[in-house]
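Undergrad: Quick one: this structure, given as structure tokens, is what I'll be asking you about.
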Amino acid sequence: MNTIVCIKRVPDSATRVKLAPGGAALDPAGVKYVLNPYDEFALEEAIRRVEQAGTGSVTVIALGPPETAESLRQALAMGADEAVLLRADGSPDGLVVARALASEIEGRGADLILLGKQAIDDDNMQVPPMLAEILGLPCATVVVELDIEGSRCTARREIEGGHEVLEFDLPAVVSTQKGLNEPRYPTLKGIMAAKRKPLVEKDVALEDASITLVSLEEPPAPAAGRIVGEGPAAVSELVTLLREEAKVL
Amino acid sequence: MADVLAYAELRGGAVGKPAREAVGTARAMADRTGGAVHAVVLGPPGTNAAAGALAAAGADRIVVGEDDRLALYQPDTATAVLAAVAGQAGYAAILFAATAQGKDLAPRVAARLGSALATEVIGWSLDGGVITVKRPVYAGKAIATMRFERPPAVMTLRANVFSYEPRAGDGVVEPIEVPSHEHRVRVTAVELGERDRLDVAEATIVVSGGRGMQGPEHWHLLTNLVDSLGDEATLGASRAVVDAGWRPHGEQVGQTGKTVSPDLYFAVGISGAIQHLAGMRTAKTIVAINRDADAPIFGVADYGLVGDLFEILPPLADAIRRLRQEADPG
């Protein structure tokens, strides 16, 4: 089982977003960057599949600035075999990113291509199905359960209030959701081993984007709220306010 | 004079909010471009019965694809039909609701068309034929303004953000042949939870519980509050309680869960971590119930109640029930 996992380096979810002067980017000062949380499920799934099969490899691919190498090392420490960094500034256009990933993936003969369901920075949530379209492969998104027997796959994907069951054949593209597995932490041994694993870096030129970022702004500050009162005694006033002032009941 | 295309997703074979919000927004856009609204609806034979409701939501032309295999959503067939329809005309925009289905389908269609896609759009403007949208990034900690450099502007629309005006008028119904090519992926079943409750991303009222609930065995207090609020209400949860295994991930609100914009949001026993606030701060009215008066959640709440939630929840549900009965004795 040869697997490819595409990952992204993103600001940690605990980041307090501050905008850089000019209002078109995040102020990077004090921001802690992490491996995109949904990508951890993709990595864990790939590593497990190869461990269970006893044969095969896990290749991690990331597109991003040079610092993205840190996230790739983390993936290698978790158990991936080799890593590729496509050095580029990224693009607001998911199709441009998907095309760059596709041209790296094409010809590698992967059985399974895994990605997190979305990156928690731009929240674009579109690269996995776009990648599948470009490669002409089956695609299942937001997957919380994946069974593979030979080349036959059954996946459960999260929908409103339940799940959809999908069947498809490998090779395929699968985007992963929390619940699929419990990602491992890199061990000290894994971290040491990662230093000796291959990490190839190359510059890539991205196509022009068909959608561009004009500006970023902070969301409107919530109106100052008020404490209605303390304990059960304040319940009736709360209900009255919800009805007569907020008009939501 | 560019037309606008909307994908009308059916729920249980019927036109619901996702279809109305997509078609209604397409109507508002087409009224600006001076074009017409075309809607695509897919389903098993008999789906053309949805045409009236789609015309009422604003569709001028309703393209209906009927096939037994479309009793369930089939991503590859839907992609092929939409790409075929989109290829017939130069649409200014192609709209989807940002549902599980819309989020799965829109990127496939955009890639097939070679177009850019903006997801979870919360606002749009049209200037000299150029469409600019607003959408939340960093789970809503910032709002991005993005400009489509060329049509069509393919987008998914966040639930509960866009309104629609019912209108009189008949749309023209036009059947379309459903391509019979092999599916790459086959959806074989849909398994819905035992409860007939709305998804947290779609409900107009959300009652979320956090660690202050002290354990999954106390969730009946929140379920009772949800029930008192009627069919439009549903349960949510903080990341802490999902990570602890008290609640399923599908209920999680926040940066690694769902971002919600209901009319009314109750945060019960939730302190208000940044990643949670990011997921619910766009709720129109926020009520926080917490024993710690300094909890960050009170900073974003319209109405705060300080105290023991175990003492507050039962009388709160009773009071809401009484109020709703008085308002609607039938």
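Undergrad: Considering every residue within the range B:126-147, establish whether at least one is farther than 16 Å from B:M29 by Cα, in a helix (DSSP H, G or I), modelled with pLDDT of 95 or more and not small (G, A, S). Let's see the steps before the verdict.
TA: Initial filter on the range B:126-147 (farther than 16 Å from B:M29 by Cα): B:135-146.
Then keep just the ones that are in a helix (DSSP H, G or I); that gives B:138-140.
Imposing the further condition that a residue be modelled with pLDDT of 95 or more reduces the set to none.
Checking the range B:126-147: not a single residue is farther than 16 Å from B:M29 by Cα, in a helix (DSSP H, G or I), modelled with pLDDT of 95 or more and not small (G, A, S).
Undergrad: Only residues in the range A:181-202 that are in a helix (DSSP H, G or I) count as the first member; pair them with residues that are at pLDDT 95 or above, Cβ under 6 angstrom, at least 6 apart or cross-chain, and list the lot.
TA: If the second residue must be at pLDDT 95 or above, the pairs left are A:G190/A:A77; A:I191/A:A77; A:A194/A:R73; A:A194/A:L76; A:A194/A:A77.
Undergrad: Has the range B:301-313 got at least one residue that is part of a helix (DSSP H, G or I), of a type outside the set (A, V, I, L, M, F, W, C), within 18 Å of A:V228 (Cβ to Cβ) and over 24 Å from the mean Cα position of the chain (by Cα)? So that I can check it myself, show each step before the final result.
TA: Quick first cut of the range B:301-313, residues part of a helix (DSSP H, G or I) only: B:309-313.
Next, from what is left, pick out any that are of a type outside the set (A, V, I, L, M, F, W, C): B:311.
This time we only want the ones that are within 18 Å of A:V228 (Cβ to Cβ), so: B:311.
Imposing the further condition that a residue be over 24 Å from the mean Cα position of the chain (by Cα) reduces the set to B:311.
Yes, the conditions are met somewhere in the range B:301-313.
Undergrad: Just to check your reading of the model, which residue among A:G229, A:G190 is within 9 Å of chain B (Cβ to nearest Cβ) and crowded, with 16+ Cβ neighbours inside 10 Å?
TA: A:G229
Undergrad: Go through the range A:37-59 and count every residue that is in a strand (DSSP E or B) and of a type in the set (A, V, I, L, M). Give the steps one after another, and end with the answer.
TA: Within the range A:37-59, the subset in a strand (DSSP E or B) is A:57-59.
Narrowing the set further to residues that are of a type in the set (A, V, I, L, M) leaves A:58.
The total comes to 1.
Undergrad: Turning to a different aspect of this structure: Determine if the range B:282-301 includes at least one residue that is closer than 16 Å to B:D199 by Cα and open to solvent by less than 30 Å² (accessible area, probe 1.4 Å).
TA: Yes - at least one qualifying residue is present in the range B:282-301.
Undergrad: Next question, about the same structure. Give A:A14, A:A62 a once-over and let me know the one that is outside any loop (DSSP other than H, G, I, E, B), small (G, A, S) and without any contact (Cβ under 8 Å) to a residue 60 or more places away in the chain.
TA: A:A62
Undergrad: Out of all the residues in the range A:1-28, which are within 19 Å of the chain's Cα centre (by Cα) and not hydrophobic (A, V, I, L, M, F, W, C)?
TA: Selection gives A:T3, A:K8, A:R9, A:P11, A:D12, A:S13, A:T15.
Undergrad: Could you please find all residues in the range B:185-230 being outside any loop (DSSP other than H, G, I, E, B), in contact (Cβ under 8 Å) with a residue 40 or more places away in the chain, open to solvent by less than 30 Å² (accessible area, probe 1.4 Å) and not small (G, A, S)?
TA: If the condition is that a residue be outside any loop (DSSP other than H, G, I, E, B), in contact (Cβ under 8 Å) with a residue 40 or more places away in the chain, open to solvent by less than 30 Å² (accessible area, probe 1.4 Å) and not small (G, A, S), then B:V185, B:V187, B:I205, B:V206, B:V207, B:M213, B:L221, B:L222, B:L225, B:L229 are the ones that fit.
Undergrad: Being assigned to a helix (DSSP H, G or I) and over 15 Å from B:E9 (Cα atoms) narrows it down to one residue among B:V85, B:V81; which is it?
TA: Being assigned to a helix (DSSP H, G or I) and over 15 Å from B:E9 (Cα atoms) holds for just one of B:V85, B:V81, which is B:V85.
Undergrad: Could you check how many residues of the range B:264-278 are modelled with pLDDT of 95 or more and either farther than 25 Å from B:E311 by Cβ or part of a strand (DSSP E or B) (or both)?
TA: 5
Undergrad: I've got another one for you. Scan the range B:153-184 for residues that are within 10 Å of chain A (Cβ to nearest Cβ), over 30 Å from B:V226 (Cβ atoms) and open to solvent by less than 70 Å² (accessible area, probe 1.4 Å) and jot them down.
TA: Selection gives B:A153, B:V154, B:M155, B:H183.
Undergrad: Based on this model, can you work out whether A:L146 counts as farther than 26 Å from A:E82 by Cβ, touching a Leu at 6+ places or on another chain (Cβ under 9 Å) and aliphatic (A, V, I, L, M)?
TA: No; evaluated as a whole, the condition is false for this residue.
Undergrad: If you scan the range A:65-94, which residues turn out to be assigned to a strand (DSSP E or B) and farther than 30 Å from B:G114 by Cβ?
TA: A:E82
Undergrad: I need a count of the residues in the range A:35-64 that are among the polar types (S, T, N, Q) and within 25 Å of A:D12 (Cα to Cα).
TA: 2
The values are calculated or read from the model by the stated rules, or taken from the named source; none is laboratory data. Since this is a predicted model, take the numbers as computed values, not measurements. Every residue, glycine as well, gets a Cβ built from its backbone with ideal geometry; the counts of neighbours run over all protein chains shown. Side chains included, ligands, DNA and RNA excluded: accessible areas come from the protein's heavy atoms. Shrake-Rupley method; radii C 1.70, N 1.55, O 1.52, S 1.80 Å.
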